[in-house]
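Working notes, structure below.
The values are calculated or read from the model by the stated rules, or taken from the named source; none is laboratory data. As the structure is a computational prediction, the values presented were derived from the model and not from experiment. Methodologically, a virtual Cβ is constructed for each residue, glycine included, from the backbone with ideal geometry; neighbour enumeration extends over all protein chains shown. What goes into the accessible areas is simple: the full protein's heavy atoms, side chains included, and nothing from ligands, DNA or RNA. Shrake-Rupley method; radii C 1.70, N 1.55, O 1.52, S 1.80 Å.
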Amino acid sequence: MNNFLDQIPSLPVADSVETIMDWLTSHLSSLFDFVQTGGQSAMDGITDLLVMIPPILFILIVALISFLATRKKFGLAIFSVVGLLFIYNQGLWEELMNTITLVIFASIIAIIIGVPIGIFMSKSKWAEGIIKPILDFMQTMPGFVYLIPAVAFFGIGVVPGVFASVIFALPPTVRFTNLGIRQVPKELVEASDSYGSTGWQKLYKVELPLAKSTIMAGINQTVLLSLSMVVIASMIGAPGLGREVLSALQRAQVGNGFVAGLSLVIFAIIIDRLTQSLNKKK
Amino acid sequence: MTKLKVDHVTKIFGKHIGSALKLVDQKKSKTEILKQTGATIGVYDASFTVNEGEIFVIMGLSGSGKSTLIRLLNHLIEPTSGGIYIDGENLSDMNKSQLRKIRREKMSMVFQNFGLFPHRTILANTEYGLEVRGISKEERRLKAEKALENAGLLPYKDQYPSQLSGGMQQRVGLARALANDPDILLMDEAFSALDPLIRKDMQDELLDLQQKVKKTIIFITHDLNEALRIGDRIAIMKDGKIIQVGTGEDILTNPANEYVRSFTEDVDRSKVITVEKAMIRPISVNVELDGPKVALQRMREEEVSVLLAVDKKREFKGYITANDALEASKRGEKSVLGFLKTDMPTVSSDTLIQDVLGTISDSPTPIAVVKGERLEGVLIRGVVIESLATSSVGGDGNE
C-alpha cells in the first residue's frame, strides 16, 4: 500500500506558488518599488513628526483624549500617563513612535479595504460564499508566512511589515462589517425600501449607522491584530518595539525582552480601551 | 374608482417554483403542492380591487399570507405570477427607478413593529421619505413638522423612538407615512403590537383621519373585530387564498364557507358589548336649579327635544319634553318639577346590549343608562343599531 502511495508524484504546489511569485515580482517590480519608496518615506515622515512632538506634550494629549473618550473618567487617562512615562523612562520612546506609525498605517489600510469588502459581502450571498473561506484561510495561515511574499515584493523594512500586518489584520473588519449589516432588523430594511430609497441611500442612512457599533468592534480587533504583528514584522526589519523584543530574544536578554514586551502591552491596552470607548459613545 | 387592482397574483417561495406554479393552475391545495414540490405558497391566485378612498382590510390568521400579500402590493416581494396595478399601471412592467417613484410618491407603509429608525430623531424619522426623494431641507422639515403636529407629537420631535411609548411610536410611523402625502397607505398589522385600549384609540384616530385625508388604505389584521370596526370592505384570507371579499355585514350575514362562519361566530360569543359602549352623552337639566327657560335654551343649543332630569348628585329623576317646557314657560313656572315625566326606562351601564334590545324597540322614549342611581348616558335607538351594525354584536343573521 505504502509503495502505491509513494508512486504518486509529489504535486508541484510549492513550485507553482514560487513561479507565480517570481512572475509577480519581475513584472510588477516597478509598482512594488513605487509603493515601497512612497510608503517608506510617508511612514518615515510620520514617525519623524511623532518623534518631534515633545514626549510630555504627547503624553498629555493622549491623556486628554482618553479622558474625553471615556466620558470624563480618570482611569484610562491615568493609566496612559503612567504607562507612557514608563516607556519613555525605559528609553523606548522612538521605538514606540515607530510602532504607532506601523499600527496606524496597517489599521487604516485594513479598514479602507475591509469595510467595502464587508459591505459587498453582506449584499450578496454569492460573494459571502467566496470571501468567507478566503478570510478563514487568511486568519489560520501563520502570520510568519505572509512575511515571505512581503519580502519578495518590497524587500525589508517597514513597508513589507505593513503589508503583512494588513493581510493578517484585515479579516475581523470584513467579517464584522458583513455581520453588522446583515443584523440590521428586516423591518427597518423594508421600511427604507418601502419609502423608495436607492441602494446607496439605504446603506448610508440606515444600514451603516445601525451596523456602526458592530463594525467598530471589528475595527478594534483589526487594530489589535495589527499590533500583534509588530513583533513578527520586526523579523523583516520593521522598526519599533517589536525589534527590541526580537533582539532580546536573539541575545537571550530576559530583562530587556520583558521591558519591551511590557511596553507593547501598555500600548495595546491604551489603544484597545480607546477604540472601545469610541464605540460606546452615542 | 379603482385605485389598486390585484390580478391573479401568486407568490411561491422555495425551490421548484415552475412546477409548483403549474400545480397552482391545476388548483391543487397548498399542502398538496408542498408535499409534491417542496415549495411553499405564500399567496395563492389572489384577485381583488380596492377603490379610491376606501379602507380595505385584509384579514387572516398567522400564516395565511396576508403579510406577504401586502408586501407584494409595493413589490417589496416580487410576485411569481400575476399583476399588481396601481392607477392602471402594472408594477411588474416597471424598472427600478419607476418603482422607486411609485414607492416615494404613491404609497407609504406602516409597520407592525413601527419600523422606526432607532438612530434618528422623531423628526428625522418623519422626514425620511421626503429626504430620500431629495426634497430640500427646509421644505421637508416643514412638512414633517406639520405631520407631527397633526399627530400631536411635535413636542417630541427631538427625542429618539426608544424614548416614546408604543402607541406614540406608531403615531410617528403613521405621521412618517402621511408626511409623504401618498395616495395609498399600506398598514401591516399596524396596531397589533399595541395594548387593547391604545389600539382602540388608534383605530378611532385612523377613522377620524380618514374623514379628513381620504386616502386609500389597505390594512392588514388578524383580528376580525378590528377589521369590522375600521374596514369599508374586508377580504378574508386562508392558506394564501382570498376566501371572501365584502363589507363587514356581508361577511357576518353571508359567510362564504364554514371557515368564515366559525370566525364570525367567534366574534359573536367573544364580543360582549355592554350598553356603556353604545350610549351617548346625556343632555341633562338640573331639577333643583334649572327652570323651563333654561331647559328650552339648552334644547335649542343642543338641538334636541328631550332633556334628562338629574339632581345635584346627578341622580336620574326623569325627563322633560320641549312642548311641556314651552307651556310651563308661558305659564310663568319657575321649576321643571311641575312637568317632570318619570316613565323613561332605565338600565344599568353594565347590561349587555342584547338584553336591552327588546326594551329599546318597545320604548317610545330613549333609555337612561345609570350606574347605581347616577346618570351615565342615554341609549338612542339609531345609535344602538349603528353600533350593532359596525361591531356585529347580536349576530341576528346567524340565528
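So the values come out like this:
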{"item": "Boolean, residue A:66 is assigned to a helix (DSSP H, G or I) and over 27 Å from residue A:203 (Cβ atoms)", "result": "yes"}
{"item": "Unmet requirement for residue B:162, which otherwise passes all of (1) more than 14 Å from chain A (Cβ to nearest Cβ); (2) open to solvent by 30 Å² or more (accessible area, probe 1.4 Å)", "result": "(1)"}
{"item": "Residues of the stretch B:72-123 classified as in contact (Cβ under 8 Å) with a residue 40 or more places away in the chain and basic (Lys, Arg), total", "result": "3"}
{"item": "Answer from B:220, B:184, B:122 - the residue that is open to solvent by less than 20 Å² (accessible area, probe 1.4 Å) and under 27 Å from residue B:278 (Cα atoms)", "result": "B:220"}
{"item": "Residue tally, condition among the charged types (D, E, K, R) and open to solvent by less than 30 Å² (accessible area, probe 1.4 Å), over the stretch B:282-299", "result": "1"}
{"item": "Some residue of the stretch A:90-98 being among the polar types (S, T, N, Q), in a helix (DSSP H, G or I) and within 22 Å of the chain's Cα centre (by Cα)", "result": "yes"}
{"item": "Elements of type strands (runs of 3 or more DSSP E) in the stretch B:280-394, at least 2 residues being not aliphatic (A, V, I, L, M)", "result": "B:284-286, B:316-321, B:346-348, B:374-379"}
{"item": "Test: residue B:31 is within 14 Å of chain A (Cβ to nearest Cβ), outside any strand (DSSP E or B) and over 19 Å from residue B:180 (Cα atoms)", "result": "no"}
{"item": "Residue list for the stretch A:239-261, filter: part of a helix (DSSP H, G or I), of a type outside the set (Gly, Ala, Ser) and touching a residue at least 60 places away in the same chain (Cβ under 8 Å)", "result": "A:241, A:243, A:244, A:259"}
{"item": "Matching residues in the stretch B:34-77 - criterion: being within 14 Å of chain A (Cβ to nearest Cβ) and either closer than 15 Å to residue B:238 by Cβ or touching a Gly at 6+ places or on another chain (Cβ under 6 Å) (or both)", "result": "B:67, B:68"}
{"item": "Residue ID - farthest from the other protein chains (Cβ to nearest Cβ), chosen from residues in the stretch A:160-208 that are hydroxyl-bearing (Ser, Thr, Tyr) and more than 20 Å from residue A:128 (Cβ to Cβ)", "result": "A:165"}
{"item": "From A:150, A:211, residue being within 30 Å of residue A:129 (Cβ to Cβ) and within 14 Å of chain B (Cβ to nearest Cβ)", "result": "A:211"}
{"item": "Residue ID - nearest to residue B:134 (Cα to Cα), chosen from residues in the stretch B:84-108 that are in contact with a helix residue (DSSP H, G or I) (Cβ under 7 Å, 6 or more places away or on another chain) and either open to solvent by 60 Å² or more (accessible area, probe 1.4 Å) or in a strand (DSSP E or B) (or both)", "result": "B:108"}
{"item": "Odd one out for residue A:265 among (1) modelled with pLDDT of 90 or more; (2) open to solvent by less than 30 Å² (accessible area, probe 1.4 Å)", "result": "(2)"}
{"item": "Residue that is touching a Gly at 6+ places or on another chain (Cβ under 7 Å) and either under 30 Å from residue B:234 (Cα atoms) or at pLDDT below 80 (or both), where the choices are B:335, B:392, B:361, B:387", "result": "B:392"}
{"item": "Residue check, residue A:225 in contact (Cβ under 8 Å) with a residue 40 or more places away in the chain and open to solvent by less than 30 Å² (accessible area, probe 1.4 Å)", "result": "no"}
{"item": "Qualifying positions in the stretch B:104-141 - facing another protein chain (nearest Cβ under 8 Å), of a type in the set (Ser, Thr, Tyr) and out of contact with any strand residue (DSSP E or B) (no Cβ under 9 Å at 6 or more places or on another chain)", "result": "B:128"}
{"item": "Residue check, residue A:156 over 30 Å from residue B:181 (Cα atoms), part of a loop (DSSP other than H, G, I, E, B) and out of contact with any Lys or Arg (no Cβ under 6 Å at 6 or more places or on another chain)", "result": "yes"}
{"item": "Every residue from the stretch A:24-39 that is within 21 Å of residue A:240 (Cα to Cα), open to solvent by less than 50 Å² (accessible area, probe 1.4 Å) and not small (Gly, Ala, Ser)", "result": "A:36"}
{"item": "Residue list for the stretch B:238-257, filter: out of contact with any Phe, Trp or Tyr (no Cβ under 9 Å at 6 or more places or on another chain) and either buried (at least 24 other Cβ atoms within 10 Å of the Cβ) or part of a helix (DSSP H, G or I) (or both)", "result": "B:248, B:249, B:250, B:252, B:253"}
{"item": "Qualifying residues in the stretch B:142-159 (those that are open to solvent by less than 50 Å² (accessible area, probe 1.4 Å) and within 14 Å of chain A (Cβ to nearest Cβ)) - the one nearest to residue B:205 (Cα to Cα)", "result": "B:147"}
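For every residue, the table says whether it meets (1) more than 16 Å from residue B:279 (Cα to Cα); (2) under 37 Å from the mean Cα position of the chain (by Cα); (3) surrounded by 18 or more Cβ atoms within 10 Å (Cβ to Cβ); (4) hydroxyl-bearing (Ser, Thr, Tyr).
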residue	(1), (2), (3), (4)
B:301	yes, yes, no, no
B:311	yes, no, no, no
B:354	no, yes, no, no
B:361	no, yes, no, yes
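For (1) of a type in the set (Asp, Glu); (2) in a loop (DSSP other than H, G, I, E, B); (3) at pLDDT below 85, each residue gets a yes or a no:
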| site | (1), (2), (3) |
| --- | --- |
| B:182 | no, yes, no |
| B:185 | no, no, no |
| B:190 | no, yes, no |
| B:197 | no, no, yes |
| B:201 | yes, no, no |
| B:205 | yes, no, no |
| B:210 | no, no, no |
| B:220 | no, no, no |
